[in-house]
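Structure record follows, encoded as structure tokens.
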Amino acid sequence: MKEITNQKYKQYKSLLTIVLIVLCSGFTHANISWNDVEQKKITGIVTDVKGQPIPGVNVIILGSQKGVITDFDGHYTILASPKDVLMFSYLGMVSKSVIVGKSTTINVVLKENENVLDEVTIIGYGSVKKDDVTGAVSAIKPNDNEALRSPSINNLIQGKVAGLDVTNTTGTPGAALSVRIRGTNSLRADNEPLYVIDGIIMNSATEDAANPFANTINDFQTQQSGLSGINPSDIETIQVLKDASATAIYGSRGANGVVLITTKKGREGKARIKASTTTTASMIGRKIDLLGADGYAEMRNGDALLENVGVRYGFYEGNIYKIKNVATGDTYFTDPESANLTTDIIDNYNLEPTDQIDWLTEMTDIAISTSNRVSVSGGTGGIYYYLATGLSTDKGIIPNSNIKSGDIRSNLSVKINDRIKIASTIYASYRTNDMNLSTDGTGNRGLMNSILNASPLNDDIFADDGEPLSNPRLWASDYYDNSKESRMVASFSTDIKLTDFLTYQFRLSGNIRNKERVRYYTDKIGLGISHGGDIGESNLVSRNYSTENLLQFNKDFSKAHSLNGTVGFTTDEYRTTTKSISGSNFSDFILGENGLNFAQTLTYNNPIESPKNYVSAFARTNYALYNKYLFTYTFRRDGVSVFSGKNKWDNFHSLALAWKLEKEKFIKNLGFVSQLKLRAGWGQTGNSSISPFQTLNLYRVDQGAGYDGATVTGLVSTGIPNPSLVWEATVQSNVGLDWSILKGRFSGAIDTYIKTTERLLLRKPIPASNGFTSTTVNVGEIENKGLEFTVDANIINNNKFSWSLGANIAFNKNKILDLGSEDTYGDGRAHFFGNGLGTGTYTDPVNIFIENEAIGMFWGLKTDGIYRTAEELVDAPLYRSAAPQLGDIRFIDSDGNGEIDNSDKQIIGNPNPDYTYGINTELAYKNLSLRLVFTGKQGNDVFNAKLGQNAYGDKLTSRNVYAESWLDRWTPDNIDGVYPRQGFGLLDAADVLVEDASYLRLSTATLNFDFPKNWLKQIGVNSASVYLTGNNLFLLTKYKGFDPEVNSFAYDGTRIGIDWSSSPRPVSYTLGVNVNF
């Protein structure tokens, strides 16, 4: 036998140690030392600087797991040896260590940890101590496990910040998220917050490649987030600026709130290596209960008999047989009883049983995703570095839905001398994103629509000649949507300390994004059926270059006065270019999505360049009197190129005051108050999120017939300009209270605000005689009012067990105060409608915007049950010019004209929640911890468009339906049925399609085990943990769709709260390992 080398021996030893760790992880590790024989009883009392005893102080023997906690009077007793070191620690206090030595009584005084309040808070172009913040700012510090399993920045903050609402559009990887901070500020402009990463202003989350089919066919392109490529694992802290006194420093871009992200940096010390890996299994969780094969066949037989064409299916011993030839219309049997087959009938007619299909099960799968990341950080000699790279796959549960991505980051800073520091940030990412068509603007196409509609009988998805009919399998094989995206973000900065209180900073940054998106329909699916196939290619090139010149000062003039602030000048240049091409009527599909050259019809969409330039000057000053009374004033002057003349410029101001009540003697004497800060702020912000050139006359090249009939080429106006356009202006007032008691064990904040946005950028209808039907104007006003509560509690915290609890809740009410429109509602209030839902069942808009109502109220017919008796039909109003029958929906004829039409429509629901909330709690016992995060909304409605097709449709088509709508339909034998009779079809938006979408969700549950450090030292590992996380494990809701947290049209401010065939949100389980060297 060969000798084992030292290297192999070490490998075997390491492997054996890891195995033992795993096997023994459930047991308590005992610490044995020769000093145990010398142990003696140590007693004492722990007090604060005022001599007050502190209960619950952790007293542990350093380097062991042996410890006790002080009782209510601050007393403790512990066994220890003379060489042991006792560590005394308590939340909010500075820890203290004492060598036992010869002592048997050790009394300790703990001082309050002022660093807790001295933590730095980033507030935009600078920072202040946490205790000196005067605005409404929420801070999040994600842990490594949490960041690693989050697919995006917005998932990381969901449920963590009061007043921040995150809504998914669909459950497909890469789909857009809608984010609102303190409600909706604009009706047609961008409502997404501003994202700033390490001082670099990012592109809007709504930025995406153009739809290549937009000008040729009626098509909807699934929306994707413009913030892709930013890895949550690199994030150190997140600050959410909510009120205008905090966001005014960003002027015209701060109206929707600001999310400030700081990435990890290197720290003094030797290199630290972190490696992590995760594997995630995702699967469908909540399902929609559709008719199974038996129920579907029964329904199809029922509608066949209503049409007097005989039954379509027969039954025998659990099998279903097709007994009608769809192509020829020949029916084998006309007697309804003939559906009950016999062996003789089956043999005589050579009938074969049809396969039965559960489409939701077949077209969804258990998806396996992985993520691997490694980082190196450290610093010495004034050079600090953080380097990270990773690869990940995020696979969806429906076919052709996944993301593959890779990224690399370098954060470097160099201290040249005591006065000069330079720093750089370089981030690069590349990813591909496959998506299936889930949400569709028409509701009549797309994979999820096909799954919900498809017959559960296999024979129904093939014509009699064997050719496949449109079905879910074709959406997996004959539809393609792929994006390839690269991003490069870089910044270089220099800090020069001019004096002890004055620092100059210069930053140059750039954000370059390239995206290519290819979409493809064969001639067997969707739009391609009528066009001989469709292929579209679109490209997005986005460039953003910025310069910043900042002068920062921080000066204490005496114990009474201190002053700090920032003066700055910035320039931002944005260039976005989009172009696309589409082709149809293909001679061959052999090259699939790469076969654009085979198109017989090509449509070139001219490149569109959208430049936008900003020039800004600003100043912020923070003054403190006796470190007790705080004053903050901010001014910013912005210039932007999208407006004309003097309207390019505007000024934005904010003012905030704060009073540290805990510094006052009457609060100090209470003894238990750690912080009590009263805040009040007022400020102005703006929104310039409109397309460039709307103030200018624009022309396009077009062709038309000349005087002699010949084709001539000329310039045609593209719209009516409005040189008077100005910014939307938002004014917000905020009053808040930050509090902390019992040395920080319990803390929280209360905020109330009122926010008004004026000069809304809206499309105003104009007479068609102008050549156009609308133009952009500044008109209208909306208001948001709200109340927010946040509380955090460290309920138990000792050396063995801890329990923390955090919760937040936010109430927001919005209202349209003025629209300035001549188009009035029935009672004289101005109004306008949102965009329509497409060309499907519901073509009309379902959102209406009316003065003195909340934003985007649902609009449709009101109902009053079902006609159940003949008496109810007497003088009943007509619906769609037809007299109602028993079992029809009973509509309310609001105008009393005897006809149900659009004039009878009224408000039928509200998509805005009464409140949103989040709850998080963590329990830890020794090295094991459990963290739970709950999120929820209450009081919002969702317009479930698929409910109209699959529950209130006529049930006389091949479309499948909700099982409940068939089993509890009106029939002569079930006159109390909830759903209308077979044969009735709902063709208008109505209140029966508006559902309560309130919910409570267990968003994440994480069980984590930290391996004891004394185990890991044997294998050269500093720390390691293994965890199991479940996402979307529990959902409590009355909503009948896949998920109540849905908004199919995330970036369309005129279509709100609509579910139009959105994909289900998966349940997932993640197993992860983190190792630090």
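Bear in mind that the values in this text are calculations on the coordinates, not laboratory data. Because the structure is predicted, anything quoted here is derived from the model rather than measured. Quick reminder, even Gly has a Cβ in these numbers, built from the backbone with ideal geometry, and neighbours come from all protein chains shown.
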request  = Determine the principal axes of the Cα atoms in the range 644-717, then give the extent along each, sorted from largest to smallest and rounded to whole angstroms.
outcome  = 96, 26, 10
ask   = If Lys and Arg each add +1 and Asp and Glu each add -1, what is the summed charge of the other residues whose beta carbon sits under 9 Å from the beta carbon of Ile420?
value = +2
inquiry  = If I model the range 857-908 as equal point scatterers sitting on the Cα atoms and use the Debye formula, what is log10 I(q)/I(0) at q = 0.26, 0.32 Å⁻¹?
reply    = -1.02, -1.33
remark   = Scalar couplings 3J(HN,Hα) for the range 70-86 by Karplus 6.51 cos²θ - 1.76 cosθ + 1.60 (θ = phi - 60°), nearest whole Hz, x for Gly and Pro, are 6, 7, 4, 9, x, 8, 8, 9, 8, 8, 8, 9, x, 7, 6, 10, 8
inquiry  = Run the helix sum for the chain: -39,500 (n - 2.57) per DSSP H stretch of 4+ residues, divided by residue count, reported at 222 nm to the nearest 500 deg cm²/dmol.
reply    = -2000 deg cm²/dmol
message = What distance in nm separates the two pseudo spin-label positions at Ser958 and Asp73, each 7 Å out from Cα along the beta-carbon direction?
response = 8.5
inquiry  = Between the range 945-1023 and the range 271-287, what is the separation of their alpha carbon centroids in Å?
reply    = 25
inquiry  = With angles folded into 0 to 90 degrees, how steeply does helix 6-24 sit against the dominant principal axis of the chain? Use alpha carbons for both and round to 10.
reply    = 70
query = Where the only charges are on Cβ atoms (+1 Lys, Arg; -1 Asp, Glu), what is the dipole of the range 580-718 about its Cα centre, to the nearest 20 debye?
reply = 1640
remark   = Rounded to two decimals, the Debye log10 I(q)/I(0) of the range 143-186 (Cα scatterers, no solvent) at q = 0.15, 0.18, 0.21 Å⁻¹ is -0.42, -0.58, -0.75
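Using the Cα centre of the range 31-113 as the reference point, and only Cβ charges (+1 on K/R, -1 on D/E), how large is the resulting charge dipole? Debye, rounded to the nearest 20.
Details: 8 positive and 7 negative charges, 39 e Å.
It comes to approximately 180 debye.
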ask   = Across the range 959-968, in residue order, what do the Karplus-derived ³J(HN,Hα) couplings come to in whole Hz, using 6.51 cos²θ - 1.76 cosθ + 1.60 with θ = phi - 60° and x for Gly and Pro?
value = 5, 6, 9, 4, 4, 4, 6, 8, 6, 10
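Averaging the inverse of every distinct alpha carbon separation and then flipping it gives the Kirkwood radius. What is it for the range 940-1077, in angstrom units?
Values: mean 1/r = 0.0532 Å⁻¹.
Mean inverse Cα-Cα distance, inverted, gives 18.8 Å.
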ask   = Can you list, bin by bin at 5 Å, the percent of alpha carbon pairs in the range 564-710, starting at 0?
value = 2, 7, 10, 10, 9, 8, 8, 8, 7, 6, 6, 5, 4, 4, 3, 2, 1, 0, 0, 0
key: Rh by Kirkwood over Cα pairs, then Stokes-Einstein D for the range 557-597 at 1.306 mPa s and 10 °C, µm²/s   = 92
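To the nearest µm²/s, what D does Stokes-Einstein give for the range 690-849 at 4 °C and 1.567 mPa s, using the Kirkwood radius over alpha carbon pairs as Rh? Present the calculation step by step, with values, prior to reporting the outcome.
Numbers: Rh = 21.3 Å.
Calculated translational D: 61 µm²/s.
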task = Would you kindly calculate the mean projected area, averaged across all directions, of the convex hull enclosing the Cα atoms of the range 866-963, in square nanometres?
result = 11.5
inquiry  = Under a crude label model (7 Å from the Cα following the beta-carbon direction), how far is Thr105 from Leu987 in nanometres?
reply    = 9.5
ask   = What does the charge dipole of the chain about its Cα centre add up to, to the nearest 20 debye, if the Cβ of each Lys and Arg holds +1 and the Cβ of each Asp and Glu holds -1?
value = 7480
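Which value results for Rg/Rh of the range 126-167 when Rg is the Cα radius of gyration and Rh the Kirkwood radius based on the inverse mean 1/r?
On the way: Rg = 12.6 Å, Rh = 12.1 Å.
Ratio of gyration radius to Kirkwood radius for the range 126-167: 1.04.
How large, in Å, is the range 31-113 by the Kirkwood hydrodynamic radius built from its alpha-carbon pairs?
Numbers: mean 1/r = 0.0784 Å⁻¹.
So the Kirkwood estimate lands at 12.8 Å.
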query = Full extension from Ile766 to Ser903: what is 0.36 nm times the residue separation minus their Cα-Cα distance, to one decimal in nm?
reply = 47.0 nm
query = If packing is taken as the mean number of other Cβ atoms within 10 Å per residue, what is the order of 43-56, 766-779, highest first?
reply = 43-56, 766-779
message = From the C-alpha coordinates alone, can you work out the Kirkwood hydrodynamic radius of the chain, in Å?
response = 32.9
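Based on the mean of other beta carbon atoms within 10 Å per residue, what is the order of 1030-1043, 179-192, 667-680, most packed first? Write down the numbers at each step before the final one.
Numbers: 1030-1043: 18.6, 179-192: 23.3, 667-680: 15.6.
Ranked from most to least packed, the peptides come out as 179-192, 1030-1043, 667-680.
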ask   = So what's the angle, to the nearest 10 degrees on a 0 to 90 scale, between helix 293-306 and the longest Cα principal axis of the chain?
value = 30
key: Directionally averaged projected area (convex hull, Cα atoms, the range 517-581), nm²   = 8.4
key: For the range 646-698 and the range 177-235, distance of Cα centres in Å   = 25
Label point distance in nm, Ser410-Leu696, each placed 7 Å from Cα along Cα→Cβ = 3.9
query = Given H placed on each backbone N at 1.01 Å, which residues far from Glu236 in sequence or on other chains put an amide H within less than 5 Å of it?
reply = Thr262, Thr263, Lys264
message = Give me the tail of P(r) for the range 979-1021 as a percent: Cα-Cα pairs with distance above 12 Å.
response = 80
Relative contact order [Cα under 8 Å, 6+ residues apart], the chain, whole percent = 11
Length released on extending from Thr752 to Leu551, taking residue separation times 0.36 nm less the Cα-Cα span = 69.1 nm
